[in-house]
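Just so it is clear, none of the values below were taken in a lab; they were calculated from the coordinates. A quick note: this is a predicted structure, and the numbers were derived from the prediction, not measured. Every residue, glycine as well, gets a Cβ built from its backbone with ideal geometry; the counts of neighbours run over all protein chains shown.
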Amino acid sequence: MFTITRRDMLSMTLGTTAALALGGRDLFAQGKIITRAIPSTGEQLPVIGLGSSATFSQVARQEDVTALRDVFKTMLDGGATLFDTAPSYGASEEVAGRIIREQKWGDRVFWATKLNVAGRGGSSADPAAAKAQVEASFQRVGKAKIDLIQVHNLGDPATQLPILREFKKQGRIRYMGITTTFDQQYPELIKIMRNEPLDFIGIDYAIDGRDVESEILPLAQEKKIAVLAYAPFGRTRLFKRVGNTPLPDWAAEIDAKSWAQVFLKWVVGHPAITAVTPATSQPKNMLDNLGGGIGRLPSQELRKRMAAFVDALPGA
């Protein structure tokens, strides 16, 4: 079976516009991007979004951010809307906000950012500083209402969750939540999920990183909390593990034409996942990622086979 690897995508010699046109024509012939309901409202959200850590944040520090503008255009043209960022991701929030304002894409983007003015040394966060950070996010994106703000990595939730509740009560943010990318924080996250009125949580989830399946994802379903999945490629870990391994025959059963699409479809295949936000600074990779939300998804039986296949690869 012919396999498109991430390396192949990056080495294509076609111009960006031509490459996207050719790849997109085949991709979107399979149908529109899948959407999932945000449990607290029923609003539909496309399952593939765009993250802004890693390479996105690196490019955001450069003078020429044309590639990031093209990434946004590819995302929006493909029917995706979710952009996930944070003030701590270097220049990502500022640069992305400038692109959105200049291109007048604000109404098309579901803007998700974070609040991370956490207290240090066990102390509480400064409420004034936390509120100032939220106001700065409003200025960067240029929107009167931000779609989602989450407390970043459980940073002093006792102080910061009430601040977000107040912004939501004022109608300035539409949804609120909390994130963690550290498994040692899972017990506290579970406690907060049980006791706080959350719209969203954000967690790491990948085919070879399944710890959240035992309690967090079922609890999200029970409490009707939307879930954003981060790092679906294990940063770059999964691409290193598969290397040049050809796609197995079962990839065709889920319309996956690249390993990126395999990994994304596996994540989206869990019913608790609302959307996944892989970061990229390459329009070709954004197009590839969109394929993870188009066409068939794996059954739960196939998801188990897929996970077993990856578990058997070197580098576990």
Of all DSSP beta bridges in the chain, antiparallel share, percent nearest 5: 10
Whole-number D in µm²/s for region 33-76 (Stokes-Einstein; Kirkwood sum over Cα pairs; 10 °C, 1.306 mPa s): 129
Cα long-axis angle, helix 186-195 against the chain (0 to 90 degrees, to the nearest 10): 60
Modelled label reach - Lys145, point 7 Å along Cα→Cβ, region 159-178 residues with backbone N closer than 18 Å: 164-177
Using alpha-carbon coordinates, inclination of helix 16-28 to the longest axis of the chain, degrees: 80
The chain: angle of helix 127-141 to the longest principal axis, Cα-based, in degrees nearest 10: 40
Inter-site label distance for Glu63 and Glu166 at 7 Å from Cα along Cβ, in nm: 4.3
Normalised contact order of the chain, rounded percent, pairs of Cα under 8 Å and 6 or more residues apart: 25
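What is the sum of charges, Lys and Arg at +1 and Asp and Glu at -1, for the other residues whose Cβ falls under 9 Å from the Cβ of Ile207? Can you show the working numbers first?
Details: positive: Arg210, Arg303; negative: Asp208, Asp311.
That works out to 0.
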